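Student: Submitted below is the structure of interest, expressed as structure tokens.
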Amino acid sequence: MTLKSTADKGIQTLSIHGGEQLDPTTGASVPSLVMSSTFVVDEEISFSANNLTSETPFVYTRWDNPTTQQLEHKLAILEQAEACIAFASGMAASAAVMLAQLSQGDHLVISNTNYPGTAEFARETLTRLGVEVTPVDTAEIAEIEAAMRDNTRMLWLETPSNPLLRISDIAAAAKIAHAQNALLVVDSTFASPIATRPLRLGADLVIHSLTKYIGGHGDAMGGAVCGSQALLGPLRGEGLVHYGGVISPFNAWLIMRGMATLPLRMRCHEDNAVALAAFLEAHERVERVLYPGLESHPQNDLARTQMDNFSGMISFRCANPKALAERMMQRLEVIHYAVSLGHHRSLVYLMQTEDLIGSSYRLEGNDLDSYREVAGDGIFRFSVGLEDSADLIRDLEQVL
Ligand SMILES: Cc1ncc(COP(=O)(O)O)c(C=O)c1O
């Protein structure tokens, strides 16, 4: 009882059944958790990851594992990808893609504000290894075009981006990247495959932190890359087997369990975020609200065409952000003052401008001015959870 075809199934069916295989010995309805790190084989298998093929049986869990493989197949189906590789974290996935695809003398064009770990990895690690890095505001197509060079091998978008929720036009960026023979990589963590399928819009690789919406419950770290078999075959050997950032099968199992309800959760995240964004936008103490679903969002039109769901991430700005953060830490009852996002619990956190522009983004000139114009001294990143929206509104009201 595994799906005979996926093309004729809806997203809720695919999130539950896609990629899963009944255990042939027990018939268990739930995917089995296989924690074994090694597997008994009955033929000689090469010891080298360089000889790994899709026909290689299970040998060692750093290469592949039966539980993890089901997660990979499920996510590939949801992203409409030929293949998927799971990693220990979103950062392990991002680092593996950048290190395996870029070499000394290559050039990377990347969003100038995005997840700080990715930003720091590009600016510090890649430049130390001789990769040239140009951060631009990828929401401005003209900026991407102007940054491309003959040696540009990769264009990296994060959309919606962390923490300003900028939306980048994936289809337009794909044309620019491919004209230069560069790969387009999209970190789609904030969107999830329910909101956006970047491969259909022309991206070559999609990155997810599975720790966020896809796992959805804040109890398992994971990451993934989806794309063509031609790109992911070699990446499994180098980026997973050699770099070693392999996901625990237990985490893969937990994340797969979370994925069963992803479409339902995303609908509720969006409903709650729409209500909370409207509440915040009308509040006298709130100076600015960024939510792709609001008409006031600078790329609301693009969000409407590129996203099937506006997701649950809101950023907002208030006067005296440090004092408000202090009140949140002391007084919030339902919402947790904590980093991360995409969990069933609501999470809020102050992203301080000084901290980000100094240590992660290193913005200067116009880029710095435009960041400050939006974020002021700091912006609250609010991951709207699945609680009752009236309770979330009351919780925020008493601290604002
Ligand atoms: C957009 C985005 N990409 C990647 C990551 C890294 O994911 P992980 O924490 O699973 O390594 C994060 C983490 O917050 C993120 O927000």
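The values are calculated or read from the model by the stated rules, or taken from the named source; none is laboratory data. As the structure is a prediction and not an experimental result, all values here were calculated from the model. Cβ atoms come from the backbone with ideal geometry, glycine included; neighbour counts cover every protein chain shown.
Student: Out of curiosity, is His297 away from the ligand (no atom under 16 Å from the Cβ), in contact with a His (Cβ under 8 Å, 6 or more places away or on another chain) and not basic (Lys, Arg)?
Tutor: No, not satisfied.
Student: Residues that are over 21 Å from Ile16 (Cβ atoms), touching a Lys or Arg at 6+ places or on another chain (Cβ under 6 Å) and in contact (Cβ under 8 Å) with a residue 12 or more places away in the chain: does the stretch 40-59 have at least one?
Tutor: no
Student: Within the stretch 183-199, how many residues are over 22 Å from Met148 (Cα atoms), among the β-branched types (Val, Ile, Thr) and within 11 Å of the ligand (Cβ to nearest atom)?
Tutor: Residues meeting the conditions: 1.
Student: Okay, moving on. For the stretch 96-121, what are the residues that are crowded, with 19+ Cβ neighbours inside 10 Å and within 9 Å of the ligand (Cβ to nearest atom)?
Tutor: Asn114, Tyr115, Thr118
Student: Regarding Ser54, is this residue over 19 Å from Phe250 (Cβ atoms) and in the same structural domain as Asn251 (by TED's automatic domain parsing)?
Tutor: So Ser54 fits the description; yes.
Student: Looking at (1) among the hydroxyl-bearing types (Ser, Thr, Tyr); (2) touching a strand residue (DSSP E or B) at 6+ places or on another chain (Cβ under 6 Å); (3) not in a strand (DSSP E or B), which one does Ser359 not meet, given that it meets all the others?
Tutor: So the condition that Ser359 fails would be (2).
Student: Only one of these is surrounded by 10 or more Cβ atoms within 10 Å (Cβ to Cβ), more than 27 Å from Leu235 (Cα to Cα) and either of a type outside the set (Asp, Glu) or in the same structural domain as Val241 (by TED's automatic domain parsing) (or both): Leu33, Leu14, Leu3. Name it.
Tutor: Answer to the selection: Leu3.
Student: Which members of the stretch 236-261 meet the condition of being over 23 Å from Ala100 (Cβ atoms) and either within 17 Å of the chain's Cα centre (by Cα) or among the aromatic types (Phe, Trp, Tyr) (or both)?
Tutor: Phe250, Trp253, Met256, Gly258, Met259
Student: So how many residues does the stretch 174-231 have that are free of Cβ contacts under 8 Å to residues at least 60 places away in the same chain and charged (D, E, K, R)?
Tutor: Within the stretch 174-231, residues that are free of Cβ contacts under 8 Å to residues at least 60 places away in the same chain and charged (D, E, K, R) number 3.
Student: Also, I was wondering about something else. Please work out which one of (1) modelled with pLDDT of 95 or more; (2) within 21 Å of Gly227 (Cα to Cα); (3) outside any loop (DSSP other than H, G, I, E, B) is the condition Gln12 fails and give its number.
Tutor: (2)
Student: Give the stretch 371-400 a look and list any residue that's surrounded by 16 or more Cβ atoms within 10 Å (Cβ to Cβ) and within 18 Å of Arg166 (Cβ to Cβ), or say none.
Tutor: Within the stretch 371-400, Tyr371, Val374, Ala375, Gly378, Ile379, Phe380, Arg381, Phe382, Ser383 meet the criteria.
Student: Please verify whether Val289 is closer than 17 Å to Val399 by Cα, touching a residue at least 12 places away in the same chain (Cβ under 8 Å) and not assigned by TED's automatic domain parsing to the domain that holds Pro160, treating the condition exactly as stated.
Tutor: Values: closer than 17 Å to Val399 by Cα: yes; touching a residue at least 12 places away in the same chain (Cβ under 8 Å): yes; not assigned by TED's automatic domain parsing to the domain that holds Pro160: yes.
Here the answer is yes, as Val289 does meet what is asked.
Student: Applying the selection to the stretch 152-172, what residues are more than 25 Å from Glu373 (Cα to Cα) and in contact with an Asp or Glu (Cβ under 6 Å, 6 or more places away or on another chain)?
Tutor: The answer is Arg153, and nothing else.
Student: Tell me, which residue of the stretch 353-368 that is closer than 28 Å to Ala220 by Cβ and touching a residue at least 24 places away in the same chain (Cβ under 8 Å) is surrounded by the most Cβ atoms within 10 Å (Cβ to Cβ)? Working first, answer last.
Tutor: First pass over the stretch 353-368, keeping only residues closer than 28 Å to Ala220 by Cβ: 355-356, 359-360.
Narrowing the set further to residues that are touching a residue at least 24 places away in the same chain (Cβ under 8 Å) leaves 356, 359-360.
Values: Leu356: 21, Ser359: 12, Ser360: 19.
By that ranking, first place goes to Leu356.
Per-residue answers, yes or no, for (1) assigned to a loop (DSSP other than H, G, I, E, B); (2) within 13 Å of the chain's Cα centre (by Cα); (3) basic (Lys, Arg):
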{"position": "Ala92", "(1), (2), (3)": "no, yes, no"}
{"position": "Met98", "(1), (2), (3)": "no, no, no"}
{"position": "Gln104", "(1), (2), (3)": "yes, no, no"}
{"position": "Val109", "(1), (2), (3)": "no, no, no"}
{"position": "Asn114", "(1), (2), (3)": "yes, yes, no"}
{"position": "Ala119", "(1), (2), (3)": "no, no, no"}
{"position": "Glu124", "(1), (2), (3)": "no, no, no"}
{"position": "Thr127", "(1), (2), (3)": "no, no, no"}
{"position": "Gly130", "(1), (2), (3)": "yes, no, no"}
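Student: Within the stretch 369-379, is even one residue closer than 30 Å to Thr138 by Cα, within 16 Å of the ligand (Cβ to nearest atom), touching a residue at least 24 places away in the same chain (Cβ under 8 Å) and under 25 Å from the mean Cα position of the chain (by Cα)?
Tutor: yes
Student: For a quick check of your reading: which helices (runs of 4 or more DSSP H) sit entirely within the stretch 253-353 and have at least 3 residues that are among the hydrophobic types (A, V, I, L, M, F, W, C) and under 19 Å from Glu387 (Cα atoms)?
Tutor: Filter on the stretch 253-353 gives 262-282.
Student: For the stretch 200-212, name all the residues that are more than 10 Å from the ligand (Cβ to nearest atom) and surrounded by 24 or more Cβ atoms within 10 Å (Cβ to Cβ).
Tutor: Ala203, Leu205, Val206
Student: Just to be sure, is Ala119 aliphatic (A, V, I, L, M) and over 20 Å from Gln229 (Cβ atoms)?
Tutor: Spelling it out, Ala119 is indeed aliphatic (A, V, I, L, M) and over 20 Å from Gln229 (Cβ atoms).
Student: Glu158 passes all but one of (1) in contact (Cβ under 8 Å) with a residue 60 or more places away in the chain; (2) in contact with a strand residue (DSSP E or B) (Cβ under 7 Å, 6 or more places away or on another chain); which number fails?
Tutor: (1)
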